[in-house]
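The values are calculated or read from the model by the stated rules, or taken from the named source; none is laboratory data. From a predicted model like this one, the values you see are computed outputs, not experimental measurements. Using ideal geometry, Cβ is built from the backbone for each residue, glycine included, and neighbour counts are taken over all protein chains shown. The accessibility values were calculated without ligands, DNA or RNA, using every heavy atom of the protein model including side chains. Shrake-Rupley method; radii C 1.70, N 1.55, O 1.52, S 1.80 Å.
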Amino acid sequence: MKLYDIDIGDFMQLLDRAKGDVILETDDGNKLNLKSKLCQLYGVKQLLESAKNATITAEIKLTNPEDQILFLKYLTDATTL
């Protein structure tokens, strides 16, 4: 799933609700497990820097099918607001 215009606070709450691993893959090949608070801080920093430069190409991969439904609903609702 590609990440575009997201609310960081809502996204962090969503990460806390995820049951499986949430892997953030950046355009430079970094893979961060966002279930780790340290990786969340680094990953959010990367997202914010990319947003500043309008070069967001981060993608998330989910290991739990239930999380996929949760994230799809969030991303769909976020784009319709």
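Of note:
- One residue from 3, 34, 24 being open to solvent by less than 20 Å² (accessible area, probe 1.4 Å) and within 13 Å of residue 67 (Cβ to Cβ): 34
- Filtered by the rule that a residue be free of Cβ contacts under 8 Å to residues at least 24 places away in the same chain and under 17 Å from residue 41 (Cβ atoms), segment 12-29 gives 13, 16.
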